[in-house]
Amino acid sequence: MELGDLEQLQASFRHEAADLLTDLGGALLLLEQEPRNAEVVNRVFRAMHTLKGSGASAGFRRLANFVHHVEEVFNRIRNQQLESTPELIDATLKACDCCEMLLELGSTDSDTPLPLEAEVLLAIRPFLPEMDKAAGKTQPTTLAASGPARYRIGFRPNREIFFSGTDPASLLLELTDLGEIEIRCDTGDLLHADDFDPEKCYLRW
Amino acid sequence: MAKRVLAVDDSATMRQLLKLTLSRSGYEVVEAEDGAKALQKASAEIFDLVLSDINMPVMNGIELLRSLRKLAQYRFTPIVLVTTESQLEKKQEGKAAGATGWIVKPFEPEQLLAVVTKVLR
């Protein structure tokens, strides 16, 4: 992406994020009064989701990584796996303050957490136990070197595959990008189709 | 004639990214901020490709997808969902609803262009 485009995108995101954070503040105060209000929970989740997705796309990776954890907590609340608590609301309000700080930092790659960042992550850790597991995950093992792998693939698409806008030929063409391939077509179903419909797929590979 | 793309996302930043990337490669991009507005535009004019976020207010991406597939002019149109990594479980739902494919954000402009070129081939 050209530098001018990136700067334009980042300016756009800063503006959008400011609006989202203002809306979030109001939604969280409402949620404090009505912890089971599904519409407000969804509003908070969507705001976090946008901060994460659009922030990452605009180069604010640090912000996106931070918001991801808070978004996941609210994803679980909207799926009724968790309930909103005053402590969680407090942590999320602090998360909003932290987002403003991370926006000021911009597209930094620094890993050193801000004090408020660390405080928020500690506060939501009880709601996301896998945060502890992820911190202790082992290094992946190295596979022993071996020759090229060979695969035999049977592909029998659903007869209605064309209705999804998918062309099986395109999928087969993609496979040729992965290595040497031999493709054989089975026309058996086509030959035996009494009610042939040109909009359906009778072939398999 | 330039291929027409409908870019649907409630984030102004994402719509801007899609428009910047695709218009520089010769595509004509029309924006919509939610599924309902996208459905209105798609009903009024023809698009060659629809790129849609999933989580949106009013009408989400899956609902938009189902509604578009009911329209004769969009039965075979490529419709690509734009997801985040945490929504990979939505892939099955999108597939069942008739999605052509998906792009995971954040994505590099080259990745977006590669997917768009592929589905419009």
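Okay, here's what the table says:
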item	result
Selection count where residues are part of a helix (DSSP H, G or I) and either within 10 Å of chain A (Cβ to nearest Cβ) or not β-branched (Val, Ile, Thr) (or both), scope region B:98-121	8
Inter-residue pairs, beta-carbon under 7 Å, first under 20 Å from B:Pro109 (Cα atoms) and in region A:48-72, second among the aromatic types (Phe, Trp, Tyr), 6+ apart	A:Ser54/A:Phe13; A:Gly55/A:Phe13; A:Ala58/A:Phe13; A:Phe60/A:Phe13
Any hit, region B:26-39, residues being within 12 Å of chain A (Cβ to nearest Cβ), under 15 Å from B:Gly94 (Cα atoms) and either of a type outside the set (Phe, Trp, Tyr) or without any contact (Cβ under 8 Å) to a residue 12 or more places away in the chain (or both)	no
Residues being surrounded by fewer than 18 Cβ atoms within 10 Å (Cβ to Cβ) and in a helix (DSSP H, G or I) - total across region B:44-62	1
Top-ranked residue of region B:64-88 - restricted to ones that are part of a loop (DSSP other than H, G, I, E, B) and more than 9 Å from chain A (Cβ to nearest Cβ), ranked as farthest from B:Ser43 (Cα to Cα)	B:Leu88
Residue among B:Lys91, B:Lys95 that is assigned to a helix (DSSP H, G or I), surrounded by 15 or more Cβ atoms within 10 Å (Cβ to Cβ) and facing chain A (nearest Cβ under 8 Å)	B:Lys95
Qualifying residue in region A:22-39 (condition: on the phi > 0 side of the Ramachandran plot, assigned by TED's automatic domain parsing to the domain that holds A:Pro115 and not hydrophobic (A, V, I, L, M, F, W, C))	no
Failed condition for B:Asp34, given (1) within 13 Å of the chain's Cα centre (by Cα); (2) modelled with pLDDT under 95	(2)
Some residue of region A:21-34 being more than 9 Å from chain B (Cβ to nearest Cβ), among the small types (Gly, Ala, Ser), touching a helix residue (DSSP H, G or I) at 6+ places or on another chain (Cβ under 8 Å) and surrounded by 17 or more Cβ atoms within 10 Å (Cβ to Cβ)	yes
Flag if B:Thr77 is crowded, with 17+ Cβ neighbours inside 10 Å and either free of Cβ contacts under 8 Å to residues at least 24 places away in the same chain or of a type in the set (Lys, Arg) (or both)	no
Residue check for B:Ser11: among the small types (Gly, Ala, Ser), in contact (Cβ under 8 Å) with a residue 24 or more places away in the chain and either over 27 Å from A:Phe45 (Cα atoms) or more than 13 Å from chain A (Cβ to nearest Cβ) (or both)	no
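The values are calculated or read from the model by the stated rules, or taken from the named source; none is laboratory data. Since the model is a prediction, treat every value here as computed from it, not as a measurement. Ideal geometry is used to build each Cβ from the backbone, glycine not excepted, and the neighbour counts take in all protein chains shown.
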